[in-house]
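A.B. asks: Below is the structure I would like to discuss, written out as structure tokens.
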Amino acid sequence: MESGPNTKPIVVADLMSDLRAVMSKEMTSVRRLNAILTILCEKLYMPTAVLYVMRPADVLEQSVMVGKSIKLPVFVRVGEGAVGSVALEKKTRLDTAKNAQYKSVLTLPLIRGNQVIGVLTLLSRKMVRLPPEIVEAVENVCMVLSEFLTDLNADKSSQALPNISGPETLEGTTLVGGFAFGEVLPHRRMELSAPILATHPAREQKRLALAFVRVQQVIERRLKRPTTPKEEKEIFETYHLFLNDTEWRAKIDSAIMSGLSAEAALQKTAEDALDKMRSISDPYLKERAHDFQDLTARLMRVLMKKGKNKKIVGSKILVADSLGAAELLDYDLKHIKGIILEDGSQTTHVVIVARAYRIPLLGGVKDATRRLLEGDPVALDCSAGRVYLHPSDDTADALKVRQNVMRKWQQLYARNLDKANVSKDGVAVNLMLNLGLPGNQDKLPPSDGVGLYRTELLFMTTKSLPDIHTQTEAYRRVLVQSKGKPVYFRTLDIGSDKVLPYFENHREENPAMGWRSIRMVLDRRALLRTQLRALIKAHAGKTMYIMFPMVTDVFEFLEAKRTLLLELKAMTARREKAPVDVKVGTMLEVPSLLFQLDRLLPLVDFVSIGTNDLAQFTFAADRGNALIANRYDVLSPVFLRILRHIIQTCAEYNVPCSVCGEMASRPLDALTLIGLGARRLSMSPEALGSVKTALRSLSVQPFVAYLESQLNSTQPSVRSALFSYLRDHQVLLGEV
Ligand code: PEP
Ligand code: MG
């Protein structure tokens, strides 16, 4: 069967003219893609072409195979095998193999705006001679393919790119990570099936009162149950508040008096209230609409004497447009293996509950309720943000392999949590936690303290400005929880996307660069003073660490510090117990501060680099804009030089410097920060195990030398180079 090298001439002109012909014809995107790959196979005499598409979490997925079928892995991690290496190194490779299936393999990266978006591989059973001009021509075709893939992804109305793994996939945003397999279980909401009008208002009111009492009892029982997770308790406390809202109750009563049944009155008033809640732009209040909807559904169920959800068996993937946390809790959770929602965001209560029960959850999945029907088998890959409908055995197997790999990493992280934060060559690094976001305050891993406490959450979750007492109690709780370890409290970083419903809301063209954070509280000094007073009270007898966000000019730091000193003085005058020590620092997240370090550093006790904002303002690239999300990399020589400059200058001035942006939560980026000299990192609690594991497997000194050489690179990112180095040195970077 096998013969010698293929000697038929390959003509570039033919290849390009066929390509132009295909591009000019009317056809669906998927057909066009197949046609291009077929031309490549024919003109290069390589019978198989396989296209891998980059998915989130640096996984390449086999998407299209044209020509002779060959068994190849469905998923390939960046850096793995020829396909993964091409994605990592962004360079074409021609390999020869002594493989029964193929002898020649040409593998090329598909690049768009510096990012690898896919990999094309062409395979032949014979040895194929490919002169450089031919390889170059195929690289040109890859440029066309890259363009085409990007358009295909951007055009949501076009037919989605097929997957080798199954006929249909849906994409969404990972809200709780993990993998899940099961059958679709559509969530059914209660329909009003009671009469709308009633003749005896008194009887209806009595029924309503009874329903309120019943629901109240259920809630109280769950609140008292010791096994109820804290997240669940918080939700039921919110219901409790709604149930005791006398204004709402009066509205229902008056609707009943006008002749409606209890059910209809409940529905009418609930819909009015929901409309109002949804029209508010504040994300927190929007989320509370879910809770309210959830509560009215419960009341309705009691009124209509409907029981709980019908019994379920087997493994189910719950699918809904939106879902309340309590609606989820009504299911027998041991059968709910995953959740797919059309809406949903990190702050949704249902997400917090799903996280507490470790149920993978994908949100923002368009048309999920229409496309996923009862009983459909699905596989949920929350690390890549995808749902596979009717997954093939290959896909299911490949996902299970990744699930196992992920589990093993998680087990390793858990084992390392109690070990020291030291590198292989003895470099100790302080690993702290970022706290303050909902849902991550419980079951904290052992750490060196809280490197960033975002105080704005309390302000966003109250109906009005929290008074000094409420604030003091909240800060005290954090200090108790930290058990004597330092907590770096950041003063209010409000404005931009974090709006307070009760606070004047100015429409701004560029809110991220607008009246926010320290700018706002210096203008509304009472707000800052109250917060500082509460922080001082909470720190009686303790060391206090305070930092100010978004400082753009040294003057702002001085003003904020002056306010703090005034409050401390006033406290002494009141003869209240003082903090034993006060350390005042700043976030370093606006580039203008870089040019004032000589003035700033002698004035501060510490700085914390907010890489999220620092990168946003350095690259002039909105951190929330998906279109440019991957355009600039924090692992670019320019950004790394900036970080090195800050870290080194802080060391010269003897000012402790930590990094608390998202970079510190990603193992590869965190090690790079350590390589640049950072010895304090603050990260999300879930990231601690992976960063610590990576640190413990690294020899810092040789890495520093390599990293230094990379800072002279002219590439826009040195991510792949650093990744290759660390992988080659057996550093445990985990499931990337
Ligand atoms: C940052 O900007 O890096 C940071 C930690 O603050 P936030 O993400 O809260 O803006
Ligand atoms: Mg910031």
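The values are calculated or read from the model by the stated rules, or taken from the named source; none is laboratory data. Owing to the predicted nature of the structure, the values given are computational and were not obtained by experimental measurement. Reconstructed Cβ throughout: ideal geometry from the backbone, glycine too, with neighbour counts over all protein chains shown. These accessible areas exclude ligands, DNA and RNA; they are computed on the full protein's heavy atoms, side chains included. Shrake-Rupley method; radii C 1.70, N 1.55, O 1.52, S 1.80 Å.
A.B. asks: Which entries of 251/443; 230/485; 419/542; 408/583; 251/334; 334/366 show an alpha-carbon separation above 31 angstrom in the structure shown?
C.D. replies: 251/443; 408/583; 251/334, as the Cα separations exceed 31 Å there.
A.B. asks: How much accessible surface area, in Å² rounded to 10, belongs to the heavy atoms of residue 472 with a 1.4 Å probe?
C.D. replies: Around 10 Å² of this residue is reachable by solvent.
A.B. asks: Along the charge dipole of the chain, Cβ charges K/R +1 and D/E -1, which of 494, 530, 709 sits furthest on the positive end?
C.D. replies: It is 530, whose Cα lies furthest towards the positive end.
A.B. asks: Just by accessible area at a 1.4 angstrom probe, what is the order of 236, 503 from largest to smallest? If you can, show how the numbers build up before the last one.
C.D. replies: Values: 236 0, 503 35 Å².
Heavy-atom accessible area, descending, gives 503, 236.
A.B. asks: Moving on to the next point. In whole angstrom, how far apart do the alpha carbon centroids of the stretch 63-114 and the stretch 665-736 sit?
C.D. replies: Between the Cα centre of the stretch 63-114 and that of the stretch 665-736, the gap is 26 Å.
A.B. asks: Treating only the Cβ atoms of Lys and Arg (+1) and Asp and Glu (-1) as charged, compute the dipole magnitude of the chain about its Cα centre; round to the nearest 20 debye.
C.D. replies: Numbers: 99 positive and 82 negative charges, 438 e Å.
Dipole of the chain, to the nearest 20 debye: 2100 debye.
A.B. asks: What is the calculated FRET efficiency for residue 311 to residue 408, with r their C-beta to C-beta distance and R₀ = 45 Å, to the nearest 0.05?
C.D. replies: Details: r = 35 Å, r/R0 = 0.77.
My answer for the efficiency is 0.85.
A.B. asks: Could you calculate the contour length gain from residue 480 to residue 335, that is, 0.36 nm times the residue separation minus the distance between their Cα atoms, to one decimal place in nm? Don't skip to the end; give the middle numbers.
C.D. replies: Details: separation 145, 0.36 × 145 = 52.20 nm, distance 3.71 nm.
Separation in residues times 0.36 nm, less the Cα-Cα distance, equals 48.5 nm.
A.B. asks: Here's something else I'd like to know. Report, ordered by chain and residue number, the lysines lying within cross-link reach of residue 98, taken as a straight Cα distance under 29 Å and ignoring same-chain residues fewer than 8 apart.
C.D. replies: Straight-distance partners of residue 98: 8, 43, 68, 71, 90, 126.
A.B. asks: Continuing with the same structure: Kindly report, to the nearest 10 Å², the accessible surface of residue 90 as traced by a 1.4 Å probe over protein heavy atoms only.
C.D. replies: Per-residue accessible area (residue 90): approximately 70 Å².
A.B. asks: Give the carbon-plus-sulfur fraction of the accessible surface of the chain in %, rounded to a whole number; probe 1.4 Å, heavy atoms of protein chains only. Don't skip to the end; give the middle numbers.
C.D. replies: Working: 17940 of 33590 Å².
With neighbouring chains kept in place, the figure for the chain is 53 percent.
A.B. asks: Name the residue from 64, 17, 88 whose Cα lies farthest towards the positive end of the charge dipole of the stretch 12-164, charges +1 on Cβ of Lys and Arg and -1 on Cβ of Asp and Glu.
C.D. replies: 64
A.B. asks: Calculate, for residue 712 and residue 94, the FRET efficiency according to 1/(1 + (r/R0)^6) with r their C-beta to C-beta distance and R0 35 Å; round to the nearest 0.05. Write out the running numbers ahead of the final one.
C.D. replies: On the way: r = 30 Å, r/R0 = 0.84.
About 0.75, to the nearest 0.05.
A.B. asks: Okay, moving on. Report the dimensions of the stretch 449-604 along its three principal axes from the alpha-carbon atoms, largest first, rounded to Å.
C.D. replies: 44, 42, 30
A.B. asks: So what is the accessible area of the chain per residue, in Å², with the probe set to 1.4 Å?
C.D. replies: Result: 46 Å² per residue.
A.B. asks: Now for a different question. For the pair residue 620 and residue 25, what calculated FRET efficiency results from E = 1/(1 + (r/R0)^6), where r is the Cβ-Cβ distance and R0 = 45 Å, to the nearest 0.05?
C.D. replies: 0.65
A.B. asks: Now, a different point. Where a Cα-Cα gap under 15 Å defines reach, which aspartates and glutamates qualify for residue 537, not counting those fewer than 8 residues away within the same chain?
C.D. replies: 467, 473, 567, 576, 581
A.B. asks: How do 42, 204, 662 rank by accessible surface area computed with a 1.4 Å probe, from largest to smallest?
C.D. replies: Working: 42 115, 204 20, 662 80 Å².
Ranking 42, 204, 662 by accessible area, largest first, yields 42, 662, 204.
A.B. asks: Answer rounded, prolate or oblate for the stretch 201-303, using the Cα gyration tensor with square roots of eigenvalues a ≥ b ≥ c: rounded when a/c is under 1.5, else prolate when a/b is larger than b/c, else oblate.
C.D. replies: Working: a/c = 2.66, a/b = 1.25, b/c = 2.12.
Cα axes put the stretch 201-303 in the oblate bin.
A.B. asks: With the crude spin-label approximation of a point 7 Å out along Cα→Cβ, what separation in nm comes out for residue 228 versus residue 241?
C.D. replies: In this crude label model, residue 228 to residue 241 measures out at 1.6 nm.
A.B. asks: How much solvent-accessible surface does residue 171 expose, in Å² to the nearest 10, with a 1.4 Å probe and all protein chains in place?
C.D. replies: 100
A.B. asks: Still on this structure: Output the Cα-based Rg and Dmax of the stretch 373-457 in Å, rounding Rg to one decimal and Dmax to a whole number.
C.D. replies: In Å, with Rg to one decimal and Dmax whole: 18.9, 56.
A.B. asks: For the stretch 172-235, place one equal point scatterer on every Cα, skip the solvent, and apply the Debye formula. What is log10 of I(q)/I(0) at q = 0.13 Å⁻¹?
C.D. replies: Reported log10 I(q)/I(0), two decimals: -0.75.
A.B. asks: Report the extension gain between residue 523 and residue 127 in nm, rounded to one decimal, defined as 0.36 nm multiplied by the number of residues separating them, less their alpha carbon distance. Kindly include the intermediate steps, with their values, before the conclusion.
C.D. replies: Working: separation 396, 0.36 × 396 = 142.56 nm, distance 7.33 nm.
That works out to 135.2 nm of additional length.
A.B. asks: With +1 on each Lys and Arg Cβ and -1 on each Asp and Glu Cβ, and nothing else charged, work out how big the dipole of the stretch 449-604 is about its Cα centre, in Debye to the nearest 20.
C.D. replies: Details: 25 positive and 17 negative charges, 172 e Å.
Computed about the Cα centre, the dipole is about 820 debye.
A.B. asks: Just to make sure I understand: if all protein chains stay in place, what is the order of 290, 506, 240 by accessible area at 1.4 Å, largest first? Walk me through the numbers on the way to the answer.
C.D. replies: Working: 290 30, 506 95, 240 55 Å².
The ordering from most to least exposed comes out as 506, 240, 290.
A.B. asks: OK, next. Which Cα, out of 260, 226, 243, lies furthest along the positive dipole direction of the stretch 201-303 (beta carbon charges, K/R +1, D/E -1)?
C.D. replies: 226
A.B. asks: Find how much the distance from residue 357 to residue 443 grows on full extension, using 0.36 nm per residue of separation minus their present alpha carbon separation; answer in nm with one decimal. Don't skip to the end; give the middle numbers.
C.D. replies: Working: separation 86, 0.36 × 86 = 30.96 nm, distance 1.29 nm.
Using 0.36 nm per residue and subtracting the Cα-Cα distance, I get 29.7 nm.
A.B. asks: Extending each Cα 7 Å along its Cβ direction at residue 470 and residue 638, get the distance between those two points in nm, one decimal.
C.D. replies: 4.4
A.B. asks: Pull up the cross-link candidates among the aspartates and glutamates for residue 276, meaning alpha carbon to alpha carbon under 17 Å and not fewer than 8 places away within one chain.
C.D. replies: Straight-distance partners of residue 276: 245, 247, 287, 291, 294.
A.B. asks: If you check each cysteine of the chain for another cysteine whose beta-carbon is under 4.7 Å away, which ones come up empty?
C.D. replies: So far as the 4.7 Å Cβ criterion goes, 41, 142, 382, 660 stand without a partner in the chain.
A.B. asks: For a label point 7 Å from the Cα of residue 543 along Cα→C-beta, name the residues of the stretch 473-488 whose backbone N is under 19 Å from it.
C.D. replies: Residues 476, 478-488 qualify, since their backbone N sits under 19 Å from the label point.
A.B. asks: For the stretch 331-487, what does the alpha-carbon gyration tensor say about shape, rounded, prolate or oblate, given a ≥ b ≥ c as the root eigenvalues, a/c under 1.5 as rounded, and a/b over b/c as prolate? Numbers along the way, then the final one.
C.D. replies: Numbers: a/c = 3.08, a/b = 1.39, b/c = 2.22.
Since a/c reaches 1.5 but b/c is at least a/b, the shape of the stretch 331-487 is classed as oblate.
A.B. asks: Using only alpha carbon positions, build the gyration tensor of the chain, then give the equivalent ellipsoid semi-axes as the square roots of 5 times its eigenvalues, largest first, whole angstrom.
C.D. replies: Values: eigenvalues 460, 298, 97 Å².
Each semi-axis is the square root of five times an eigenvalue, giving 48, 39, 22 Å.
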